[in-house]
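One structure below.
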Amino acid sequence: MNLTAEDIFYIKSAGEFNAMALNIFKFQAQNCTVYREYIFHLGIDTSEITEVTQIPFLPISFFKSHRVLSSNDPIEVTFSSSGTTGMVQSSHLVTNAKLYEQSYLQAFTEFYGPVTDYCFLALLPSYQQRSGSSLIYMVNDLIEKSKHPQSGYFLYNHDELLQTLLDLKAKKQKTVLIGVTYALLDFIENFDIHFPELIVMETGGMKGKRKEMVREELHEQLTKGFGVKAIHSEYGMTELLSQAYSLGEGIFNCPNWMKVLIRDTNDPLSLIPDGKTGGINVIDLANINSCSFIATQDLGRINTDQSFEVLGRFDNADIRGCNLLVQ
């Protein structure tokens, strides 16, 4: 199968998406060993799959136990999930890192505008302490490509972060502060800043540092502490190469090469209508060299405008390092 990045990232319509998804499904059903065996054990005849809604989704747990690959090309980078000590980590073997880079750069540009318009500040201490984070890979690249002299990491240096934020506010510089949830809360407990133009993007997860909070309570505290109208979020994970974005209220939208479907929690091979709560299935066409059809362990629902919400996780799912970004 000879698909280029342009084929994936320049989809303009639902029809183009569906055609591309079916082509990629047929390719991966032949070339991804674990996916092919999974489909075989389900008793599904791939020649009878003619609609996207008929495509079987690979349970995300297979990334913990198998090499999920549709390509014989060399592995360029391996992304691994965060987790508590002793927990089996997911591994995403990436044969073309340029696909990931184009995916997050193009998606950010579509939702927010050119990367070079922004200063990126990262408050991600827990991610800096481990290797294999797809989040750190992305943030490193955004910091570099922003070419802004004040872009960078702050770890636990909250005093310096405050002064940087005040300086950027005075300069009317477009700024993104991306942070793990507990670190953002730690910051606003010590400092109070009113920066209405700031984009605060929380990555989810307390990592055992604080008690878990419902989104409404968390976002209320963060909007007040940073003096912003809304808290932004990102929905992606180690096993994907694309992200959906929320510009507030926990309402996410996908770029054109990514789609979310909702499955029945009692019948995982069946999809349910918009507005109903169920398991989140993700189609990520950028995952062409692994598997583009992933059944996650998140619960959510799709709204009538095709935006979606993340409402929690299955009770028997592993506790991940973060629950919204899940990088």
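Residue by residue, here is whether (1) in contact with a Lys or Arg (Cβ under 8 Å, 6 or more places away or on another chain); (2) open to solvent by less than 20 Å² (accessible area, probe 1.4 Å); (3) not in a helix (DSSP H, G or I) holds:
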{"site": "Gly15", "(1), (2), (3)": "no, no, no"}
{"site": "Ile24", "(1), (2), (3)": "no, yes, no"}
{"site": "Gln30", "(1), (2), (3)": "yes, no, no"}
{"site": "Ser70", "(1), (2), (3)": "no, yes, yes"}
Between a residue in the range 12-36 that is within 22 Å of Glu110 (Cα to Cα) and any residue that is modelled with pLDDT of 95 or more and open to solvent by 30 Å² or more (accessible area, probe 1.4 Å), which pairs come within a Cβ distance under 8 Å, given they are 6 or more apart or on different chains?
Lys12/Asn256; Phe17/Asn256; Phe17/Lys259; Asn18/Glu51; Ala21/Lys259
Would you check if there is a residue in the range 261-273 being among the basic types (Lys, Arg), open to solvent by less than 50 Å² (accessible area, probe 1.4 Å) and modelled with pLDDT of 95 or more?
yes
Identify all residues within the range 242-259 that are open to solvent by less than 10 Å² (accessible area, probe 1.4 Å), in contact with a Phe, Trp or Tyr (Cβ under 7 Å, 6 or more places away or on another chain) and under 21 Å from Asp7 (Cα atoms); write none if there are none.
Ser242, Gln243, Ala244, Trp257
Being among the small types (Gly, Ala, Ser) and assigned to a helix (DSSP H, G or I) is the filter here, so list the residues in the range 175-186 that pass it.
Ala183
Of the criteria (1) surrounded by 17 or more Cβ atoms within 10 Å (Cβ to Cβ); (2) modelled with pLDDT under 95; (3) outside any helix (DSSP H, G or I), which one Lys209 fails:
(1)
What are the residues in the range 32-51 that are surrounded by 12 or more Cβ atoms within 10 Å (Cβ to Cβ) and either outside any helix (DSSP H, G or I) or modelled with pLDDT under 95 (or both), if any?
Cys32, Ile44, Ile49
Search the range 256-281 for residues that are in the same structural domain as Thr53 (by the TED database) and pair each with any residue that is in a strand (DSSP E or B) and of a type in the set (S, T, N, Q) when their beta-carbon atoms are under 6 Å apart and the residues are at least 6 apart or on different chains.
Leu261/Asn281; Arg263/Asn281; Ile280/Thr296
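The values are calculated or read from the model by the stated rules, or taken from the named source; none is laboratory data. From a predicted model like this one, the values you see are computed outputs, not experimental measurements. Every residue, glycine among them, receives a Cβ derived from its backbone with ideal geometry; neighbour counts consider all protein chains shown. Ligands, DNA and RNA are excluded from the accessible area calculation, which covers all protein heavy atoms including side chains. Shrake-Rupley method; radii C 1.70, N 1.55, O 1.52, S 1.80 Å.
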